[in-house]
Amino acid sequence: MSAKNGSIKLVAGNSNPPLAAAIASELGLQLTKAVVRRFADMEIFVEIQENVRGSDVFIIQSTSYPANDLLMELLIITDALRRASARRITAVVPYFGYARQDRKSGSRTPISAKLVANLITHAGVDRVMTLDLHAGQIQGFFDIPTDNLFAAPLMVRDIKDRFDLSNVMVVSPDVGGVARARGLAKRINAPLAIVDKRRERPGESEVMNVIGDVSGHTCILIDDIVDSGGTLVNAADALLKYGAKDVYAYITHGVLSGGAATRISSSRLKELVITDSILPTEAVRGAPNIRALPIAPLIAEAIGRTAAEESVSSLFD
């Protein structure tokens with residue numbers, strides 16, 4: 001495959017080598033030879049070992065744990081490519097770290113997602129491609145074209161293959177995720193419920209209320225990020241308390257930090273389905289009720305369309 005105005009080159013950082021290799025395989029390309037390593041004091045060194053002059057280059061790099069190291073890799077790879085005269089540089093960031101810091105949460109706090117967007121832009125990136133941003137308005141933090149891809153079509157296909165849709169109810173684990181849950185519910189023609197969590201008084205535990213009748217339904221929780229897993233586990237318990245038959249969860253980004261994998265494994269959640277936007281840890285791979293959906297075909301298709309100057313949004317029509 002070649003770009004409309006030059007060859008396609010794929011460069012991978014250290015965030016998720018299996019995903020980068022899978023994307024390259026989908027496109028019928030080889031990853032560009034590059035060295036991304038550390039000096040003894042942990043400074044990052046990058047060397048692009050192939051000619052990229054005039055090429056349409058795509059850097060595949062999630063900014064997941066360790067977020068700061070992987071973000072610096074992305075910035076330094078970008079600088080190396082810019083100085084090597086790449087024609088256009090697209091940062092393919094399946095998981096965009098710092099996305100949860102998209103607003104001032106209190107006095108004298110930063111908007112770190114905007115700062116990261118500035119860093120990526122000023123490093124020399126021409127375009128950004130990402131997956132299920134925590135908040136859609138983060139696209140506006142970039143002063144360059146930004147494509148926000150959606151994992152919903154993959155999830156819908158998987159849900160249709162595995163469930164009796166006549167008994168499925170889509171559930172948002174909090175009020176803030178209602179729009180996302182509603183969109184998926186519409187795609188599979190299923191009803192919608194909401195888990196409303198609140199702390200009545202300081203020092204008291206959260207109370208989980210369920211808006212909607214989930215009794216007898218197979219409930220599917222939908223969200224963009226699962227980190228500690230606490231909200232997900234508590235939401236599953238609340239749904240089962242209100243009469244749900246089984247509870248599953250489909251979450252795009254499996255951050256799953258700390259003891260999250262163990263927490264999910266020992267919970268009443270039947271299955272957690274994530275994508276491979278983040279390289280899974282050993283604990284996540286070993287969890288019996290966590291499964292990953294491959295996103296390489298989706299990202300590869302979007303890369304191919306971008307290189308050919310074709311529509312990306314039509315992927316989700």
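Results, tabulated for the structure shown:
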quantity: Projected label distance in nm at residue 281 and residue 157, using a 7 Å step from Cα toward the beta-carbon; calculated: 3.0 nm
quantity: Segment residue 182-residue 266, length gained on full extension (0.36 nm per residue, minus Cα span); calculated: 27.4 nm
quantity: Long-range HN-HN contacts of residue 193 with modeled amide H, under 5 Å; calculated: 170, 171, 172
quantity: Long-range HN-HN contacts of residue 293 with modeled amide H, under 5 Å; calculated: 274, 275, 276
quantity: For region 23-33, Karplus couplings with θ = phi - 60° (6.51, -1.76, 1.60), whole Hz, Gly/Pro x; calculated: 5, 4, 5, 4, 8, x, 10, 9, 5, 4, 5
quantity: ³J(HN,Hα), Karplus 6.51/-1.76/1.60, whole Hz, each residue of region 308-317, x for Gly, Pro; calculated: 8, 6, 9, 5, 9, 4, 5, 4, 10, 5
quantity: Protection proxy ranking, peptides 185-193, 249-257, 270-278, average beta carbon neighbours within 10 Å, highest first; calculated: 249-257, 270-278, 185-193
quantity: Residues of the chain: accessible area per residue with a 1.4 Å probe, Å²; calculated: 46 Å²
quantity: The chain: relative contact order in percent, alpha carbon pairs under 8 Å with at least 6 residues between; calculated: 14 percent
quantity: Distant-in-sequence amide H partners of residue 15 (H built 1.01 Å from N, under 5 Å); calculated: 62
quantity: Relative contact order (%) - region 1-147, alpha-carbon pairs under 8 angstrom, separation at least six; calculated: 20 percent
quantity: For region 132-188 and region 47-61, distance of Cα centres in Å; calculated: 32 Å
quantity: Unsatisfied cross-links (Cα-Cα over 19 Å) in the set 197/270; 197/245; 9/33; calculated: 197/270; 197/245
quantity: Three-way shape call for region 103-188 based on the alpha-carbon gyration tensor, with the a/c threshold at 1.5; calculated: oblate
quantity: Gain upon complete extension [residue 118, residue 237; 0.36 nm per residue less C-alpha separation]; calculated: 38.8 nm
quantity: Local electrostatic count, residue 137, Cβ distance below 11 Å [Lys/Arg +1, Asp/Glu -1]; calculated: +1
quantity: Surface share of carbon and sulfur [accessible, 1.4 angstrom probe, percent] for the chain; calculated: 49 percent
quantity: The chain - share of DSSP beta bridges that are antiparallel (%, nearest 5); calculated: 25 percent
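The values are calculated or read from the model by the stated rules, or taken from the named source; none is laboratory data. Just so it is clear, the structure is predicted and the values come from calculations on it, not from any experiment. Using ideal geometry, Cβ is built from the backbone for each residue, glycine included, and neighbour counts are taken over all protein chains shown. Calculation scope for accessible area: heavy atoms of the full protein, side chains included, ligands and nucleic acids excluded. Shrake-Rupley method; radii C 1.70, N 1.55, O 1.52, S 1.80 Å.
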